[in-house]
Amino acid sequence: MTNLTEPSVFNFDAIAIVHSPYKQKFAIPRQPGLVTAAHGKIELLADYNNIELVRDLEQHSHLWVIFVFHATLEQGWKPLVKAPRLGGNKKTGVLATRSTFRPNPIGMSVVKLENITKQDGKIYINISGLDLLDGTPVLDIKPYIPYSDSIVSARSEMASNAPQQDLIVSFNEQARAELEQQKTIHPNLETFIRQVLAQDPRPAYKKLNDEMQEYGMNLYELNIRWQVKESQCSVISISCAKIINQ
Ligand code: SAM
(Lines give C-alpha, C1' and ligand atoms only; values in the text may rest on other atoms or scores of the structure.)
Protein backbone atom coordinates (compact mmCIF):
# COMPACT_ATOMS: atom_id res chain seq x y z
CA MET A 1 0.00 0.00 0.00
CA THR A 2 1.26 3.46 -0.85
CA ASN A 3 1.25 5.95 2.00
CA LEU A 4 1.36 9.70 1.68
CA THR A 5 4.87 10.82 2.49
CA GLU A 6 5.55 14.11 4.21
CA PRO A 7 5.09 16.89 3.36
CA SER A 8 1.49 16.97 2.15
CA VAL A 9 1.47 20.75 2.17
CA PHE A 10 3.64 22.39 -0.46
CA ASN A 11 4.92 25.90 -0.76
CA PHE A 12 5.41 27.17 -4.30
CA ASP A 13 6.92 30.42 -5.53
CA ALA A 14 5.34 32.52 -8.26
CA ILE A 15 8.06 32.43 -10.91
CA ALA A 16 6.36 35.01 -13.12
CA ILE A 17 3.43 37.37 -13.41
CA VAL A 18 1.01 37.88 -16.30
CA HIS A 19 0.51 41.29 -17.90
CA SER A 20 -2.87 40.93 -19.56
CA PRO A 21 -5.23 43.26 -21.42
CA TYR A 22 -8.02 41.74 -19.27
CA LYS A 23 -8.20 44.01 -16.22
CA GLN A 24 -11.28 42.41 -14.66
CA LYS A 25 -12.77 38.92 -14.79
CA PHE A 26 -15.87 40.03 -16.68
CA ALA A 27 -15.47 39.38 -20.42
CA ILE A 28 -12.42 37.12 -20.15
CA PRO A 29 -13.11 34.13 -22.40
CA ARG A 30 -13.80 30.84 -20.65
CA GLN A 31 -10.81 29.12 -22.17
CA PRO A 32 -7.62 30.11 -24.00
CA GLY A 33 -7.52 30.19 -27.80
CA LEU A 34 -11.05 31.59 -28.17
CA VAL A 35 -9.87 35.19 -28.50
CA THR A 36 -6.73 34.91 -30.60
CA ALA A 37 -6.32 38.71 -30.78
CA ALA A 38 -5.67 38.89 -27.01
CA HIS A 39 -1.98 39.62 -26.52
CA GLY A 40 -0.21 39.59 -23.17
CA LYS A 41 3.16 38.96 -21.64
CA ILE A 42 4.60 36.87 -18.87
CA GLU A 43 7.31 38.62 -16.86
CA LEU A 44 9.82 36.37 -15.12
CA LEU A 45 10.32 37.41 -11.50
CA ALA A 46 13.34 37.81 -9.21
CA ASP A 47 15.61 34.71 -9.22
CA TYR A 48 13.71 33.34 -12.22
CA ASN A 49 14.44 36.41 -14.35
CA ASN A 50 17.30 34.54 -15.98
CA ILE A 51 17.53 33.98 -19.72
CA GLU A 52 18.80 30.43 -19.13
CA LEU A 53 15.32 29.36 -17.95
CA VAL A 54 13.85 30.08 -21.37
CA ARG A 55 16.70 28.85 -23.54
CA ASP A 56 15.17 26.89 -26.49
CA LEU A 57 11.61 27.71 -25.37
CA GLU A 58 11.02 29.41 -28.75
CA GLN A 59 11.34 26.00 -30.39
CA HIS A 60 7.75 25.51 -29.24
CA SER A 61 4.78 27.33 -30.74
CA HIS A 62 2.54 26.92 -27.68
CA LEU A 63 3.00 26.78 -23.92
CA TRP A 64 1.17 25.46 -20.90
CA VAL A 65 0.89 28.17 -18.29
CA ILE A 66 0.21 26.82 -14.79
CA PHE A 67 -1.10 29.60 -12.61
CA VAL A 68 -2.97 30.60 -9.45
CA PHE A 69 -6.58 31.84 -9.61
CA HIS A 70 -5.46 34.63 -7.33
CA ALA A 71 -8.58 36.79 -7.70
CA THR A 72 -10.98 34.12 -6.46
CA LEU A 73 -8.89 32.04 -4.05
CA GLU A 74 -10.23 33.82 -0.96
CA GLN A 75 -13.72 32.60 -1.85
CA GLY A 76 -12.63 29.01 -1.22
CA TRP A 77 -14.15 26.02 -2.96
CA LYS A 78 -17.13 23.65 -2.95
CA PRO A 79 -17.38 20.01 -4.10
CA LEU A 80 -20.22 20.93 -6.47
CA VAL A 81 -20.23 23.92 -8.81
CA LYS A 82 -22.57 25.37 -11.43
CA ALA A 83 -21.05 24.77 -14.85
CA PRO A 84 -21.82 27.56 -17.36
CA ARG A 85 -21.82 24.97 -20.15
CA LEU A 86 -24.78 23.29 -18.44
CA GLY A 87 -26.83 26.49 -18.53
CA GLY A 88 -25.59 27.72 -15.15
CA ASN A 89 -28.23 25.83 -13.09
CA LYS A 90 -27.16 22.20 -12.85
CA LYS A 91 -24.41 21.42 -10.36
CA THR A 92 -21.52 19.16 -11.19
CA GLY A 93 -18.39 17.91 -9.40
CA VAL A 94 -15.72 20.56 -9.20
CA LEU A 95 -13.12 18.15 -10.58
CA ALA A 96 -15.34 17.62 -13.65
CA THR A 97 -15.08 21.33 -14.46
CA ARG A 98 -12.55 24.07 -15.13
CA SER A 99 -14.07 26.18 -12.35
CA THR A 100 -11.78 28.64 -10.61
CA PHE A 101 -13.17 27.53 -7.19
CA ARG A 102 -11.05 24.43 -6.69
CA PRO A 103 -9.46 22.72 -3.65
CA ASN A 104 -6.13 24.05 -4.89
CA PRO A 105 -6.90 27.16 -6.97
CA ILE A 106 -4.59 26.22 -9.83
CA GLY A 107 -5.37 26.88 -13.50
CA MET A 108 -3.77 25.68 -16.70
CA SER A 109 -3.98 27.35 -20.08
CA VAL A 110 -2.40 26.63 -23.45
CA VAL A 111 -1.29 29.89 -25.05
CA LYS A 112 0.56 30.78 -28.24
CA LEU A 113 4.18 31.79 -27.76
CA GLU A 114 4.82 34.89 -29.90
CA ASN A 115 8.43 35.57 -28.90
CA ILE A 116 10.71 36.30 -25.97
CA THR A 117 12.01 39.81 -25.39
CA LYS A 118 14.20 41.60 -22.88
CA GLN A 119 13.51 45.17 -21.76
CA ASP A 120 15.19 47.10 -18.94
CA GLY A 121 16.76 43.87 -17.68
CA LYS A 122 13.40 42.06 -17.55
CA ILE A 123 12.59 38.98 -19.57
CA TYR A 124 9.13 38.81 -21.14
CA ILE A 125 7.51 35.80 -22.76
CA ASN A 126 5.05 37.36 -25.19
CA ILE A 127 1.91 35.30 -25.66
CA SER A 128 -1.50 35.43 -27.32
CA GLY A 129 -4.87 33.72 -26.97
CA LEU A 130 -4.72 33.96 -23.18
CA ASP A 131 -7.69 33.68 -20.78
CA LEU A 132 -5.80 35.21 -17.85
CA LEU A 133 -6.50 38.18 -15.63
CA ASP A 134 -3.88 40.91 -15.33
CA GLY A 135 -1.57 40.16 -12.38
CA THR A 136 -2.08 36.38 -12.46
CA PRO A 137 0.81 34.66 -10.62
CA VAL A 138 2.48 31.94 -12.67
CA LEU A 139 3.76 28.77 -10.98
CA ASP A 140 5.21 27.04 -14.01
CA ILE A 141 5.53 27.15 -17.79
CA LYS A 142 5.94 24.05 -19.93
CA PRO A 143 6.07 23.47 -23.67
CA TYR A 144 2.92 22.14 -25.33
CA ILE A 145 3.83 18.83 -26.94
CA PRO A 146 1.34 18.08 -29.75
CA TYR A 147 1.95 14.34 -30.04
CA SER A 148 1.01 13.85 -26.42
CA ASP A 149 -1.13 16.85 -25.43
CA SER A 150 -3.47 16.78 -28.45
CA ILE A 151 -5.70 13.71 -28.34
CA VAL A 152 -7.79 13.55 -31.50
CA SER A 153 -10.11 10.85 -30.15
CA ALA A 154 -10.76 12.62 -26.83
CA ARG A 155 -14.39 13.33 -25.94
CA SER A 156 -16.08 15.78 -23.60
CA GLU A 157 -19.84 15.45 -23.38
CA MET A 158 -20.09 18.65 -21.36
CA ALA A 159 -17.99 20.81 -23.69
CA SER A 160 -17.85 19.01 -27.02
CA ASN A 161 -17.24 22.13 -29.12
CA ALA A 162 -15.92 25.66 -28.67
CA PRO A 163 -18.73 27.98 -27.52
CA GLN A 164 -20.72 29.47 -30.39
CA GLN A 165 -19.94 33.00 -31.51
CA ASP A 166 -23.31 34.31 -30.37
CA LEU A 167 -23.21 38.02 -31.22
CA ILE A 168 -22.70 40.08 -34.36
CA VAL A 169 -20.62 43.08 -33.37
CA SER A 170 -20.77 46.57 -34.85
CA PHE A 171 -19.38 49.97 -33.79
CA ASN A 172 -21.48 53.12 -33.72
CA GLU A 173 -20.11 56.37 -35.11
CA GLN A 174 -18.61 57.58 -31.81
CA ALA A 175 -16.96 54.23 -31.06
CA ARG A 176 -15.54 54.06 -34.57
CA ALA A 177 -13.95 57.51 -34.18
CA GLU A 178 -12.50 56.48 -30.79
CA LEU A 179 -11.20 53.27 -32.30
CA GLU A 180 -9.41 55.35 -34.92
CA GLN A 181 -7.76 57.45 -32.17
CA GLN A 182 -6.44 54.28 -30.50
CA LYS A 183 -4.95 52.88 -33.73
CA THR A 184 -1.33 53.85 -33.03
CA ILE A 185 -1.40 52.46 -29.46
CA HIS A 186 -3.59 49.38 -30.06
CA PRO A 187 -3.53 48.50 -33.76
CA ASN A 188 -5.56 45.30 -33.31
CA LEU A 189 -8.15 46.76 -30.93
CA GLU A 190 -11.09 46.38 -33.30
CA THR A 191 -10.45 42.66 -33.86
CA PHE A 192 -9.82 42.17 -30.16
CA ILE A 193 -13.11 43.84 -29.14
CA ARG A 194 -15.01 41.96 -31.86
CA GLN A 195 -13.66 38.58 -30.72
CA VAL A 196 -14.36 39.27 -27.03
CA LEU A 197 -17.93 40.46 -27.62
CA ALA A 198 -18.77 37.76 -30.17
CA GLN A 199 -18.47 35.29 -27.24
CA ASP A 200 -21.34 37.14 -25.53
CA PRO A 201 -19.80 37.76 -22.11
CA ARG A 202 -23.15 38.55 -20.45
CA PRO A 203 -24.08 36.26 -17.54
CA ALA A 204 -26.62 33.61 -18.64
CA TYR A 205 -29.40 34.99 -16.40
CA LYS A 206 -29.05 38.47 -17.94
CA LYS A 207 -29.37 37.36 -21.53
CA LEU A 208 -33.12 36.71 -21.24
CA ASN A 209 -34.16 40.13 -20.06
CA ASP A 210 -31.68 42.90 -20.68
CA GLU A 211 -32.83 44.50 -23.90
CA MET A 212 -30.60 47.51 -24.48
CA GLN A 213 -28.97 47.39 -21.05
CA GLU A 214 -25.59 49.08 -21.25
CA TYR A 215 -22.54 47.00 -20.27
CA GLY A 216 -18.96 48.09 -19.69
CA MET A 217 -15.76 46.09 -19.84
CA ASN A 218 -12.13 47.05 -19.33
CA LEU A 219 -9.57 46.00 -21.92
CA TYR A 220 -6.06 47.45 -21.64
CA GLU A 221 -6.54 50.88 -20.02
CA LEU A 222 -9.83 51.38 -21.85
CA ASN A 223 -13.47 51.14 -20.88
CA ILE A 224 -15.60 49.78 -23.68
CA ARG A 225 -19.36 50.30 -23.45
CA TRP A 226 -21.80 48.19 -25.45
CA GLN A 227 -25.37 46.94 -25.60
CA VAL A 228 -27.21 44.03 -27.18
CA LYS A 229 -30.43 43.82 -29.12
CA GLU A 230 -31.36 40.30 -30.16
CA SER A 231 -28.07 38.96 -31.55
CA GLN A 232 -26.67 42.38 -32.52
CA CYS A 233 -24.07 43.88 -30.22
CA SER A 234 -23.34 47.55 -30.68
CA VAL A 235 -20.21 49.17 -29.27
CA ILE A 236 -21.19 52.61 -28.02
CA SER A 237 -17.98 54.16 -26.73
CA ILE A 238 -14.31 53.53 -25.99
CA SER A 239 -12.76 55.74 -23.31
CA CYS A 240 -10.03 55.74 -20.68
CA ALA A 241 -10.98 53.44 -17.81
CA LYS A 242 -10.88 54.00 -14.09
CA ILE A 243 -9.81 50.52 -13.06
CA ILE A 244 -11.26 50.05 -9.59
CA ASN A 245 -11.34 46.33 -8.93
CA GLN A 246 -10.97 42.97 -10.56
N1 SAM B 1 -7.88 27.67 -18.82
C2 SAM B 1 -7.89 27.68 -17.38
C3 SAM B 1 -8.15 26.31 -16.82
O4 SAM B 1 -8.83 25.54 -17.47
O5 SAM B 1 -7.66 26.03 -15.73
C6 SAM B 1 -8.88 28.67 -16.85
C7 SAM B 1 -10.31 28.34 -17.09
S8 SAM B 1 -11.38 29.34 -16.14
C9 SAM B 1 -12.95 28.68 -16.52
C10 SAM B 1 -11.33 30.82 -17.08
C11 SAM B 1 -11.83 31.97 -16.28
O12 SAM B 1 -10.96 32.17 -15.18
C13 SAM B 1 -11.78 33.27 -17.04
O14 SAM B 1 -12.96 33.45 -17.77
C15 SAM B 1 -11.61 34.31 -15.94
O16 SAM B 1 -12.87 34.81 -15.54
C17 SAM B 1 -11.03 33.51 -14.78
N18 SAM B 1 -9.67 33.93 -14.42
C19 SAM B 1 -8.62 34.13 -15.23
N20 SAM B 1 -7.53 34.47 -14.51
C21 SAM B 1 -7.92 34.46 -13.21
C22 SAM B 1 -7.26 34.72 -11.97
N23 SAM B 1 -5.97 35.05 -11.94
N24 SAM B 1 -7.98 34.63 -10.83
C25 SAM B 1 -9.29 34.29 -10.85
N26 SAM B 1 -9.97 34.03 -11.98
C27 SAM B 1 -9.30 34.11 -13.15
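The values are calculated or read from the model by the stated rules, or taken from the named source; none is laboratory data. These numbers were taken from a predicted model, which means no experiment stands behind them. Positions of Cβ are generated from backbone atoms using ideal geometry, with glycine treated the same way; all protein chains shown enter the neighbour counts.
Please work out which one of (1) without any contact (Cβ under 8 Å) to a residue 60 or more places away in the chain; (2) polar (S, T, N, Q); (3) surrounded by 19 or more Cβ atoms within 10 Å (Cβ to Cβ) is the condition Ser20 fails and give its number. Among (1) without any contact (Cβ under 8 Å) to a residue 60 or more places away in the chain; (2) polar (S, T, N, Q); (3) surrounded by 19 or more Cβ atoms within 10 Å (Cβ to Cβ), Ser20 violates only (1). Only one of the numbered conditions (1) part of a loop (DSSP other than H, G, I, E, B); (2) within 11 Å of the ligand (Cβ to nearest atom); (3) over 12 Å from Val196 (Cβ atoms) is violated by Val18, and that is (1).
Of the residues in the range 222-235, none is of a type in the set (Ser, Thr, Tyr), under 22 Å from the mean Cα position of the chain (by Cα) and within 20 Å of Arg30 (Cβ to Cβ). Restricted to the range 122-162, and to residues there that are touching a helix residue (DSSP H, G or I) at 6+ places or on another chain (Cβ under 7 Å) and β-branched (Val, Ile, Thr), the residue that is nearest to Leu95 (Cα to Cα) is Ile125. Val65 meets all of the listed conditions (1) touching a residue at least 40 places away in the same chain (Cβ under 8 Å); (2) touching a Pro at 6+ places or on another chain (Cβ under 6 Å); (3) within 10 Å of the ligand (Cβ to nearest atom) but one, namely (2).
Can you say whether Asn50 is of a type in the set (S, T, N, Q), on the phi < 0 side of the Ramachandran plot and at pLDDT below 95, as far as the supplied structure shows? Answer is no for this residue. The set of residues in the range 104-139 being touching a residue at least 60 places away in the same chain (Cβ under 8 Å), surrounded by fewer than 16 Cβ atoms within 10 Å (Cβ to Cβ) and within 14 Å of the ligand (Cβ to nearest atom) consists of Gly135 alone.
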